[in-house]
Amino acid sequence: MNAAAALPGGSALLDKIKANPRLPLMLGGAALAAAIAVGVMWSRAPDYKVLYTNLSERDGGAVIASLQQMNVPYKFAEGGGAVMVPADKVHEMRLRLASQGLPKSGTAGMELMDNQKFGISQFAEQVNYQRGLEGELAHSIESIAAVQSARVHLAIPKPTLFVRERQKPTASIVLQLYPGRAIDEGQVAAISHLVSSSVPELTPKSISIVDQHGNLLSGNSDRSLDATQLKFVQQIEQNYVKRVEAILAPIVGKDNVHAQVTADVDFSTVEHTDESYKPNQDPTHAAIRSQQSSESSQEGAAPVGGVPGALSNQPPAAAQAPVAQPQPPRQPGQPNPPPQANQATTQQATAEKTGPRSNRRDSTTNYELDRVVRHVQQAPGGVKRLSVAVVVNYRQKADAKGKMVAEALPATMITQIENLTKEAMGYSTERGDSLNVVNSPFTDDRVIEPEVPLWKQPQMIDLAKTGVGYLLLAILALFLWFKIARPVVRKYTAPPLPAPTEADGTTEAVLLPPEETTNPEILRLAAKYESDLALVRDAAQRDPRLVASVIKQWMANDEG
């Protein structure tokens, strides 16, 4: 006795379900309706967005407690590293939590100076200012794309009046970079200059920058050349290389010439100041700076002098006439005496008669001098020296047999190449430039592989493997459809066959609808039915008692 027969009406219900061709359609429609209902319910669920990320445990607990008090739904994301709330409440919740001072671990800026208490000490005010400055610098550094968070520590010494005791401020910066991100030397230098420009007397060399792994990023700041200067030197060298190869390529070919340039660039800043004085050439046209004149005169007898007393009060003695010297008699034919002697004698006599006489006159004139002051500042980045090396390949020439062979360039052509290279690089003997042109055959490093047949090439082998895989999948899919899926579908969707009727030992043929006479599955079932019916007939003819007992057993089971 099978399980379907044990249940009352079980076989009939199963037969009805199997005989209903609309059952798969009903099940499919029910599944589709359930999927649509789930999609509608999922679409009505609120869209969550990130409220805060990277919160500490204390701040995260405080934020969640506030959200629970305000009856705001929330959930966690990214392994608990982010708190998410409905998208339409993100900005509102941030404002409400900010009014409560949450999260507290955020870096504070100059807002610390907004709520200063009355009577605060100067030390506390200076500490708050330093904290606010550190927070503002951290916010500015965090605006860089590769920096996730930053902390700035400033060591600002107290000002003093003693020059020897003055100390320069220093700073240290800790950067938290995003996973998989890195910053180059240019960005490190930019951060150093940003912080040094915000603190008085702070130099970029006094700033230390460290990342989250403990790597010192500002360790290369003491080098003679920074990244910008090295990049400038490389640009100069590449420009000269392009100029040399561009002018030689039309002559020897693009792939037959290679050049390298080494540039010695001077990055020192030179300031030169001259102050020269030029004497005046034409005093009549010169400007007078200052002029001084002094004049004194004295005529007549000498003033009264001597020691006061009786001798000085006595009247002067009587004057005596000067004794005239007799002139010798002039001989006949002798010339007259010169008039100068007579004049000197007359002046002497006059002076003896009139008394002493003195005159003095001083004159000083200062002129302006020509002054030329020249201040020359030489910008850094000048090329001090160039070293150029050029390698030219042998030229290809056909021999008598028509085979291409390599041949060295003639000396005239090498000289022409040297002259063109000097013109392209701006060769200067005063700078000490050097040029070396070498003609040598190039080595071909390419590996010549033997020709492989098409059916042995790796690409074709991979393509064949892929095609065979797809072909096997297609065969498997067809086998599953024709051998498993299609018979099951036809079995549960085929209409039931009419029951056979017996009359006078003859059986009527099963009549099928015209549209199903061509269905192979229906024909197979009909043939099986005819075969089973023939077996039953044969058994009834051989042993009628056995058939009668089986029918009685069936009737007993139906009544029970």
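The values are calculated or read from the model by the stated rules, or taken from the named source; none is laboratory data. Nothing here was measured: the structure is a model prediction, and the numbers come from that model. Virtual Cβ from ideal backbone geometry, glycine too; neighbours counted across all protein chains shown. The accessibility values were calculated without ligands, DNA or RNA, using every heavy atom of the protein model including side chains. Shrake-Rupley method; radii C 1.70, N 1.55, O 1.52, S 1.80 Å.
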Members of 117/168; 49/75; 168/231 lying beyond 20 Å, as alpha-carbon distances in this model show: 117/168; 168/231
Listed residues 218, 197 arranged by accessible area, highest first, probe 1.4 Å: 197, 218
Formal net charge of residues neighbouring residue 85 (Cβ-Cβ distance under 12 Å; K, R +1; D, E -1): +2
Area of residue 49 that stays accessible when all protein chains are in place (1.4 Å probe, Å², to 10): 110 Å²
Most to least accessible of 404, 70, 460, 93 (protein chains only, probe 1.4 Å): 404, 460, 70, 93
Rounded accessible area of residue 139 (nearest 10 Å², 1.4 Å probe): 80 Å²
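Work through the residues other than residue 428 whose Cβ is under 11 Å from its Cβ and net out their charges, Lys, Arg +1 and Asp, Glu -1.
Net local charge, residue 428 excluded: +2.
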Largest-first ordering by accessible area, 1.4 Å probe, given options 64, 247, 417: 247, 64, 417
Formal net charge of residues neighbouring residue 181 (Cβ-Cβ distance under 14 Å; K, R +1; D, E -1): -3
In Å, descending, principal axis extents of the Cα set of the stretch 129-189: 49, 24, 12
Too-long pairs where the Cα-Cα distance tops 24 Å, listed order kept, from 403/456; 397/422; 242/384; 254/397: 403/456; 397/422
Solvent accessible area, Å² - residue 203, 1.4 Å probe, full protein context: 60 Å²
